[in-house]
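The values are calculated or read from the model by the stated rules, or taken from the named source; none is laboratory data. No experiment lies behind these values; they were computed from the predicted model shown. Cβ atoms come from the backbone with ideal geometry, glycine included; neighbour counts cover every protein chain shown. These area figures cover heavy atoms from the full protein model, side chains too; ligands, DNA and RNA do not enter into them. Shrake-Rupley method; radii C 1.70, N 1.55, O 1.52, S 1.80 Å.
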Amino acid sequence: MKETFYEYAQRRGYSRKDFLKFCTAITAIMGLEASFTPKVVKALETKERVPVIYKHFQECTGCSMSFIKMHNPIVADLLFDMISLDYHDTIMAASGRQAIEAAEKTKEEYKGKYILACEGSIPMADGGIHSVVDGKTHIDIFREYEKDCAAIISYGSCAAWGGVQAAAPNPTKATPIYKLTNKPVINVPGCPPIPDVMAGVITHILTFDSLPELDIRRRPKVFYRHRIHDNCQRRAYFDSGLFVEEFDDIGSKLGWCLYKVGCKGPVTYNSCSVMKWNDSTCWPVEAGNPCMGCSEDNFWDFGPIFTTLAQIPGTNIIYNPDKVGAAVVGAATAGVAVHAAATVAVEKMKKKDKEAPVAVDQNKGVSK
């Protein structure tokens, strides 16, 4: 049997304590209960290490930058070492022929077992000549590694949906990975994806030798089950019809809902509002910027960033946020009106009561 993950970690100088910390942290990242930690430990102690070949196509390398910014140092070190040891286009010590040989060696030794991680879309126009590396088109490079892999992870919205390169009119015919293969594909969209999500997906495969549960669009349900809107801390203001109208108005200072300045949270599925960014301290909407919908297909074609969903033709909205807010405001206004009318009636009664004639009875005192 080839080297296990634990043996690999030992060889890289990690202690047993570090290994157990990794297992505990990665169990949480994968969205599993703490009771699963012993199973994760056993799996990584006994199963063969599954290598990863990470290839870049049409992209900006932002997904890799997100991945290496993972705030858990042990998780980052172990996963980063494991991936870069085999092959990563931009993050590895080797270069040139040495790097290519490392990838070729992994491809041959782990034929049918390795994971192919892809970042970026693949241009298909004009035979793929719009992006060429070492004399090979991206589609040729993809085919070279795709044919013998066990599964593919599409990191980022470019690999998952086509990204900005596929925005209309898509001159290079940029194509997402899942449309080019019959192999199992996991889409991990985002521009870029959350680093913990990237780690959780890859570790699930390495630990359990199986894909995580996916939705109809090949996204792992544990991370893409809910809309941004469902867990947003500004949701209460949306339900109350309190919206930011301009970025310097009183609503923006009070943290009101950002829908009217372009937030795409009601149609965007991701874990940003739960897992957050920057060492899990904040995320864009919390910082005052509307959600751009970057993990959704065709988000570059939504129009200007501050375009509301109601202004985008054909957008699939379960309900119209404008009408929801208006209905709530209307109900609130009606309630205020009823309360005001009741208040006026009471005040009139009091006033009438005060103005009533007063008779004085020498024996019983003052009476009306």
The lone condition CYS118 fails out of (1) in a strand (DSSP E or B); (2) modelled with pLDDT of 95 or more; (3) of a type outside the set (Gly, Ala, Ser) is (2)
Any hit, region 213-222, residues being within 16 Å of the chain's Cα centre (by Cα), open to solvent by 20 Å² or more (accessible area, probe 1.4 Å) and within 15 Å of MET275 (Cα to Cα): yes
Report yes if HIS229 is surrounded by 21 or more Cβ atoms within 10 Å (Cβ to Cβ), in contact with a Leu (Cβ under 8 Å, 6 or more places away or on another chain) and not hydrophobic (A, V, I, L, M, F, W, C), otherwise no. no
Can you work out which of the residues in region 296-317 that are farther than 11 Å from LYS264 by Cα and modelled with pLDDT of 80 or more is most open to solvent (accessible area, probe 1.4 Å)? TRP300
Which residue, of SER154, SER210, is under 30 Å from GLU45 (Cβ atoms) and open to solvent by 40 Å² or more (accessible area, probe 1.4 Å)? SER210
Check whether at least one residue in region 240-251 is closer than 18 Å to PHE306 by Cα and either in the same structural domain as ALA28 (by the TED database) or touching an Asp or Glu at 6+ places or on another chain (Cβ under 8 Å) (or both), and report yes or no. yes
Does region 127-151 hold any residues that are assigned to a strand (DSSP E or B) and open to solvent by 30 Å² or more (accessible area, probe 1.4 Å), and which are they? VAL132, VAL133, LYS136
Enumerate the helices (runs of 4 or more DSSP H) found wholly within region 217-267, keeping only those where 2 or more residues are touching a strand residue (DSSP E or B) at 6+ places or on another chain (Cβ under 6 Å). 235-239
Name every residue in region 265-291 that is open to solvent by 10 Å² or more (accessible area, probe 1.4 Å) and of a type in the set (Val, Ile, Thr), in order of residue number. VAL267, VAL274, THR281
